[in-house]
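Enquirer: I'd like to ask some things about the structure below.
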Amino acid sequence: VLRKQVANGNFALRLHAMQHAVKEGFTKEHMIHVVLNGTIIETYPDRKRCLFYADITLEGVNMPLHVICEHQAPRYPVDFVTVYIPTSNEWEAPTRRRKKK
């Protein structure tokens, strides 16, 4: 349902997501690509959120991108809560969190 809504344009980009996009140089189209073609690597049922991952091409370089979406119900738009390029400080690999010491 979430992916179908995004494909149909029924989504909203939160300010935090747009701030990361401007700062890190990716676009709304990159975010949509991750949600439509990526893998869900974490879910947060209590907040009705999930974390998507896919690689994007940015300035000729392939890199991972994470998108956190919130989906309350089909009658509401899907919210793109935040979007970021995962860092090695927090992630061992794009799909695996680094263990806290």
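Enquirer: How big is D for the range 21-63, in µm² s⁻¹ as a whole number, if Stokes-Einstein is applied with the Kirkwood radius of its Cα pairs at 25 °C and 0.890 mPa s? Intermediate results must be reported in sequence, preceding the final value.
Expert: Working: Rh = 11.4 Å.
The Stokes-Einstein estimate is 216 µm²/s.
Enquirer: For the range 17-40 and the range 66-96, what is the separation of their C-alpha centers, rounded to whole Å?
Expert: 9
Enquirer: For the chain, what is the charge dipole size about the Cα centre, in debye to the nearest 20, if Lys and Arg each add +1 at the Cβ and Asp and Glu each add -1 at the Cβ? Intermediate results must be reported in sequence, preceding the final value.
Expert: Details: 15 positive and 10 negative charges, 87 e Å.
Taking the Cα centre of the chain as origin, the dipole is about 420 debye.
Enquirer: To continue, here is another question. Name the GluC sites (Glu not before Pro) in the range 39-101 that are in a loop by DSSP and that have at most 11 other C-beta atoms within 10 Å, would you? If you can, show how the numbers build up before the last one.
Expert: On the way: sites: Glu42, Glu59, Glu70, Glu90, Glu92; in loops: Glu59, Glu90.
Here the sparse-neighbourhood loop sites are Glu59, Glu90.
Enquirer: What percent do you get for the relative contact order of the chain when only Cα pairs under 8 Å and 6+ apart count?
Expert: Details: 175 pairs, mean separation 29.0, N = 101.
Relative contact order of the chain: 29 percent.
Enquirer: Something else about it: For the range 56-101, what class follows from the C-alpha gyration tensor (a ≥ b ≥ c being the square roots of its eigenvalues): rounded when a/c is under 1.5, otherwise prolate if a/b is larger than b/c, else oblate? Working shown, then result.
Expert: Numbers: a/c = 3.64, a/b = 1.46, b/c = 2.50.
Here the range 56-101 falls in the oblate category.
Enquirer: Next question. Could you quote the convex hull projected area for the chain, Cα atoms only and averaged over all directions, in nm²? Numbers along the way, then the final one.
Expert: Numbers: hull surface 26.9 nm².
Value for the chain: 6.7 nm².
Enquirer: Using a 1.4 angstrom probe on the protein heavy atoms only, line up Arg14, Arg98 by accessible area, largest first. Mind showing how you got there, number by number?
Expert: On the way: Arg14 80, Arg98 105 Å².
Highest to lowest solvent-accessible surface, that is Arg98, Arg14.
Enquirer: Rounded to the nearest 0.05, what FRET efficiency is calculated for Gln72 and Thr27 with R0 set to 22 Å and r the Cβ-Cβ distance? All intermediate terms of the calculation are to be shown ahead of the outcome.
Expert: Working: r = 25 Å, r/R0 = 1.15.
Efficiency at R0 = 22 Å is approximately 0.30.
The values are calculated or read from the model by the stated rules, or taken from the named source; none is laboratory data. Nothing here was measured: the structure is a model prediction, and the numbers come from that model. Positions of Cβ are backbone-derived with ideal geometry, glycine not excepted, and every protein chain shown enters the neighbour counts. Heavy atoms of the whole protein, side chains included, go into the accessibility calculation; ligands, DNA and RNA do not. Shrake-Rupley method; radii C 1.70, N 1.55, O 1.52, S 1.80 Å.
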